[in-house]
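*Asks:* Okay, handing you the structure first.
The values are calculated or read from the model by the stated rules, or taken from the named source; none is laboratory data. If you're wondering where the values come from, they're calculated on a predicted model, not measured in any experiment. Glycine gets a Cβ as well: all are built from the backbone with ideal geometry, and neighbour counts include every protein chain shown.
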Amino acid sequence: MKTFIHASYYDFSSYQQDVYLRFDETIIDMGPMKDFVPHDEDEIIDQTGNLILPGLICGHTHIYSALARGMIIPFQPKNFQEILDQIWWKMDAELDLKMIESSAMIFGVDFMKNGVTTIIDHHASGKDIKGSLEVLKRVIVDTLGMRGAFAFETSDRFDVDACIEENMQFLTKYKNSMTQGLFGLHASSSLSDETLKKVKKVIGDAPIHIHVAESQDDENNSFEKYHKPIIHRLYDHGLLNKGSILAHAIHVNDDELKLIQESQSVVAINMSSNMNNSVGTPDLHRFIEHKIPILIGNDGISQAMTSEYLMTYFQMRHQDQTPNLFGLSDLLEIIQTTYRYASDLFGISLGRIKKGYQADLLVIPYVAPTPIDDTNAFGHLFFGLFSSFKPKDVYIAGKPKVLNYQVPQKWMKHYQASFEDALRLWQTLGVKTYAKNNL
């Protein structure tokens, strides 16, 4: 059993100074240092000068994109569909199980070093569909000890029956505090009515995880082919189960938002990716007005979340053209909503430093240079830590995963071995290859 003493903590709700925190898998006991009584079994760790936070959550990501880092490929897109055609659909079609394993090690290690302890992934690999989610789980959950929810992007680009089987096998097999499954769908534009009917026959009440109206082209495609908006199409097929994650939802109308709210689905926003792909900015004010829960993810563009917190806040204020519509309290609510969703999904309590909650904890050196309390602690994080956020130590379910900024060397050996899988993928794609000493 570990016990932090002389700690300060902030859990996006409450700030306290000079406390003790006793935990194993969950937080067992806590209180002011004046009430601390050491136990024989305590492993005492003095946290003077450090701030304790709950582990961060990524509400939507793509682990399979890891091997694209630094990849130079002929690329002259005129719209979002051409971005998919020229990069991502070429790449995901060639991914095999070994490449997926390397991708998971890269993302998992980097996520943890950036304070992310729980991820909700949206996977695609055309060469190896079956067994791909098991590989992700084996690396992210079994090896690294993170919490992960996984889904395969069912698409008419792949073997649809294999996609359906992979999703159903995984989500029916894993329902515990570390691993969960969702039913993955790529996007409306790559899903025929025949495919959606097949999915409906097997899905039951399982929530889906799907890209929705990420670009205007996706919404236009739905109108042109099916004479209805995307959300209406999913609703008509009976696929908007409670807890479904609808990623992006940039180009949706008010009728669609009403259906999202009524179905108790959630929207996962990914601001950095949206700006990078030039697809627009989700109107968070409309989501809030319709009482739609908002998760925050990163769409695989990085292995961090605090950069997304910054981007969401600044982009909304830029879009509003006024500082009076979107504030830190709005961003804080999105972060807390992401914790609530993950808590429901995994069947545990995440996101608070409170007795009974999971001991997913970050230790960050921080001595406040100005007054700090409950009312302004989030401002200290946002303007003082988020732009260069590197936890010193990371614990998941009470177990140390990052200590003094380092992960175990055996993980780094696997991490570094991913170089060969990247080269193999790049050669398949006809990308210029690089010798190790030239990188």
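*Asks:* Of the residues that make up the stretch 5-13, is at least one surrounded by 22 or more Cβ atoms within 10 Å (Cβ to Cβ), within 25 Å of the chain's Cα centre (by Cα) and not assigned by TED's automatic domain parsing to the domain that holds Lys355?
*Replies:* no
Rundown of residues vs (1) among the polar types (S, T, N, Q); (2) closer than 16 Å to Ile57 by Cβ, yes/no style:
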| residue | (1), (2) |
| --- | --- |
| Ala268 | no, yes |
| Asn277 | yes, no |
| Gly280 | no, no |
| Ile294 | no, yes |
| Asn298 | yes, yes |
| Ser302 | yes, yes |
| Tyr309 | no, yes |
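*Asks:* Tally time: how many residues in the stretch 345-373 are outside any loop (DSSP other than H, G, I, E, B) and either within 13 Å of Thr118 (Cα to Cα) or in contact with a helix residue (DSSP H, G or I) (Cβ under 7 Å, 6 or more places away or on another chain) (or both)? It would help to see each step written out before you state the result.
*Replies:* Residues of the stretch 345-373 that are outside any loop (DSSP other than H, G, I, E, B), as a first pass: 345-346, 358, 361-365.
Now restrict to residues that are either within 13 Å of Thr118 (Cα to Cα) or in contact with a helix residue (DSSP H, G or I) (Cβ under 7 Å, 6 or more places away or on another chain) (or both): 345-346, 358, 361-362.
Of the residues in that region, 5 qualify.
*Asks:* Take the conditions surrounded by 16 or more Cβ atoms within 10 Å (Cβ to Cβ) and either in contact with a His (Cβ under 6 Å, 6 or more places away or on another chain) or touching a residue at least 60 places away in the same chain (Cβ under 8 Å) (or both) and apply them to Asp373. Does it pass? Before the answer, list the steps.
*Replies:* Working: surrounded by 16 or more Cβ atoms within 10 Å (Cβ to Cβ): no; either in contact with a His (Cβ under 6 Å, 6 or more places away or on another chain) or touching a residue at least 60 places away in the same chain (Cβ under 8 Å) (or both): yes.
Spelling it out, it is not the case that Asp373 is surrounded by 16 or more Cβ atoms within 10 Å (Cβ to Cβ) and either in contact with a His (Cβ under 6 Å, 6 or more places away or on another chain) or touching a residue at least 60 places away in the same chain (Cβ under 8 Å) (or both).
*Asks:* Identify the residue in the stretch 177-228 that is in a loop (DSSP other than H, G, I, E, B) and over 26 Å from the mean Cα position of the chain (by Cα) and, among all such residues, is farthest from Met146 (Cα to Cα).
*Replies:* Going residue by residue through the stretch 177-228, those that are in a loop (DSSP other than H, G, I, E, B) are 177-178, 182, 191-192, 204-207, 213-215, 227-228.
Okay, now just the ones that are also over 26 Å from the mean Cα position of the chain (by Cα), so 192, 227-228.
Numbers: Ser192: 35, His227: 42, Lys228: 40 Å.
Among those that are in a loop (DSSP other than H, G, I, E, B) and over 26 Å from the mean Cα position of the chain (by Cα), it is His227.
*Asks:* Right, another one. With respect to Ser177, is the statement that it is surrounded by fewer than 24 Cβ atoms within 10 Å (Cβ to Cβ) and free of Cβ contacts under 8 Å to residues at least 60 places away in the same chain true? Full working, then the answer.
*Replies:* Details: surrounded by fewer than 24 Cβ atoms within 10 Å (Cβ to Cβ): yes; free of Cβ contacts under 8 Å to residues at least 60 places away in the same chain: no.
So Ser177 fails the test.
*Asks:* Considering only the stretch 391-413, how many residues are more than 22 Å from Thr306 (Cβ to Cβ) and assigned to a strand (DSSP E or B)?
*Replies:* Total satisfying the criteria: 1.
*Asks:* Pairs under 9 Å by beta carbon, first residue in the same structural domain as Gly297 (by TED's automatic domain parsing) in the stretch 192-216, partner basic (Lys, Arg) and surrounded by 14 or more Cβ atoms within 10 Å (Cβ to Cβ), six or more apart or different chains?
*Replies:* Going by the 9 Å Cβ cut-off, the qualifying pairs are Asp193/Arg233; Leu196/Arg233.
*Asks:* Can I ask one more? Report, by residue number, each residue of the stretch 107-143 that is in a helix (DSSP H, G or I) and of a type in the set (Ser, Thr, Tyr).
*Replies:* First, the residues of the stretch 107-143 that are in a helix (DSSP H, G or I): 107-113, 132-143.
Within the stretch 107-143, Ser132, Thr143 qualify.
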